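Enquirer: So that we are looking at the same thing, I have put the structure below in structure tokens.
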Amino acid sequence: LSQIIAEYKEYRSNNYARPKEFDYVIDKFYSLVGNKVAEQISLVDLEKYRSHRKGKVKNSTINREMDNIRRVFSLAFENKRIRYNPCDSLKKLKIENPNKRFLTKKEEIKLLKVANPIMKIMIIFALNTGMRVGEILNLKWEHVFLNRNYLIALNPKNGKPRKILINKKLKKELKKLPKISDYVFTNPVTKTRYKNIKKTFSRTIERAGIPHITFHELRHTTASRLNEKGVDILTIKEILDHADLKTTQQYTH
């Protein structure tokens with residue numbers, strides 16, 4: 001097990017934008033299971049980790065963490081280190097609240113009315129691109145081509161690029177942003193990129209007086225609105241950069 005974990009971490013360091021993001025998951029799994037022969041890992045061992053996390057985090061979080069453990073064995077299988085992936089027969093835990101929160105048009109108006117100038121543009125940006133918050137905060141001007149009406153988004157997990165069109169509304173807002181640094185969204189006081197907007201966004205929600213919604217759920221809103229306009233689900237999947245069509249189906253409404 002220690003060997004295939006080491007090989008996976010090396011692979012991830014060469015291919016992922018944030019290679020150490022889920023080290024805590026893999027390291028905890030290793031400490032719970034021990035250095036067993038990889039092919040002797042069973043469902044019982046996988047359940048040890050899930051039992052350890054149950055009650056501490058949501059089922060949806062546990063499912064994401066198990067996906068990272070699954071990738072360790074998937075790579076080992078591809079490298080012919082093991083003959084089968086023990087995670088293949090592991091079923092995902094039921095998600096507590098599958099209903100997604102969406103921002104209504106009226107809520108959007110209220111939200112934009114009270115948002116500070118930069119947060120306002122971030123919200124418009126998210127709604128008109130469907131990009132992840134990490135992709136937005138890491139976006140550099142060198143990847144924005146206003147004259148050609150598109151930008152290049154980089155998946156924060158694996159650095160995979162994808163082309164996203166810039167519509168007239170978003171183009172108008174982007175032109176308002178000063179180019180303080182290499183990053184599109186830069187703090188005008190510190191001159192550094194924004195790293196976390198969770199608190200600022202939550203305060204904006206409170207001032208708007210609307211039910212709580214996370215910044216990530218603006219992606220749900222984008223998917224829902226594209227679906228309402230008749231965009232086919234495969235196109236929405238590509239725009240939102242989903243690996244699984246089922247995820248896109250959960251996002252659309």
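Enquirer: Farthest toward the dipole's positive end in the chain, which of C87, I205, A223, given Cβ charges of +1 (Lys, Arg) and -1 (Asp, Glu) about the Cα centre?
Expert: Farthest along the dipole direction, towards plus: I205.
Enquirer: Something else about it: Pull up the cross-link candidates among the lysines for K105, meaning alpha carbon to alpha carbon under 18 Å and not fewer than 8 places away within one chain.
Expert: In chain and number order, the partners are K113, K120, K169, K229.
Enquirer: If you take the charge dipole of the chain about its Cα centre, with +1 on Lys and Arg Cβ and -1 on Asp and Glu Cβ, which of V144, I118, H52 is farthest toward its positive end?
Expert: Towards the positive end, the residue furthest out is I118.
Enquirer: Here is a follow-up. Which of S42, S60, S89 moves most in a GNM of the chain, Cα contacts under 10 Å?
Expert: Per the Cα network of the chain with a 10 Å cutoff, S89 tops the list.
Enquirer: Taking the simple approach of a point 7 Å from Cα along Cα-to-Cβ for both R148 and K198, what is their distance in nm?
Expert: It is 3.6 nm.
Enquirer: Taking the Cα centre of the chain as origin, work out the dipole magnitude from +1 charges on Lys and Arg Cβ and -1 charges on Asp and Glu Cβ, in debye rounded to 20.
Expert: Here the chain has a charge dipole of around 960 debye.
Enquirer: By how many degrees, between 0 and 90 and to the nearest 10, does the Cα long axis of helix 105-114 differ from the longest principal axis of the chain?
Expert: Result, in degrees: 70.
Enquirer: In the stretch 145-233, what trypsin sites (Lys or Arg not before Pro) fall in a loop by DSSP, with at most 12 other Cβ atoms inside 10 Å?
Expert: Listed in order of number, the matching sites are R148, K175, K176, K179, K191, K195, K229.
Enquirer: Give me the percent of the accessible area of the stretch 146-253 that comes from carbon and sulfur atoms, probe 1.4 Å, all protein chains in place.
Expert: 52 percent
Enquirer: Sticking with this one: Only four residue types carry charge here, +1 at the Cβ of Lys and Arg and -1 at the Cβ of Asp and Glu. Report the dipole size of the stretch 132-253 about the Cα centre in Debye, rounded to the nearest 20.
Expert: So the magnitude is around 480 debye.
Enquirer: While we're here: Compute the acute angle (0 to 90°) between the alpha-carbon long axis of helix 43-53 and the principal axis of greatest extent of the alpha-carbon atoms of the chain; round to the nearest 10°.
Expert: That helix lies at roughly 50 degrees to the long axis.
Enquirer: Using a simple charge model, +1 on the beta-carbon of Lys and Arg, -1 on the beta-carbon of Asp and Glu, nothing else, what dipole does the stretch 128-204 show about its Cα centre, in debye to the nearest 20?
Expert: Dipole about the Cα centre, nearest 20: 180 debye.
Enquirer: Where does the chain land at 222 nm, in deg cm²/dmol rounded to the nearest 500, when only DSSP H runs of n ≥ 4 count, each adding -39500 (n - 2.57), divided by all residues?
Expert: -15500 deg cm²/dmol
Enquirer: Another question, if that's okay. So, for the chain, what is the accessible surface per residue at a probe of 1.4 Å, expressed in square angstrom?
Expert: I get 58 Å² per residue for this part.
The values are calculated or read from the model by the stated rules, or taken from the named source; none is laboratory data. Keep in mind it's a predicted model, so treat the numbers as computed, not measured. Cβ sites come from the backbone with ideal geometry, for glycine too, and all protein chains shown count toward neighbours. Surface areas here come from the heavy atoms of the whole protein model, side chains and all, with no ligands, DNA or RNA. Shrake-Rupley method; radii C 1.70, N 1.55, O 1.52, S 1.80 Å.
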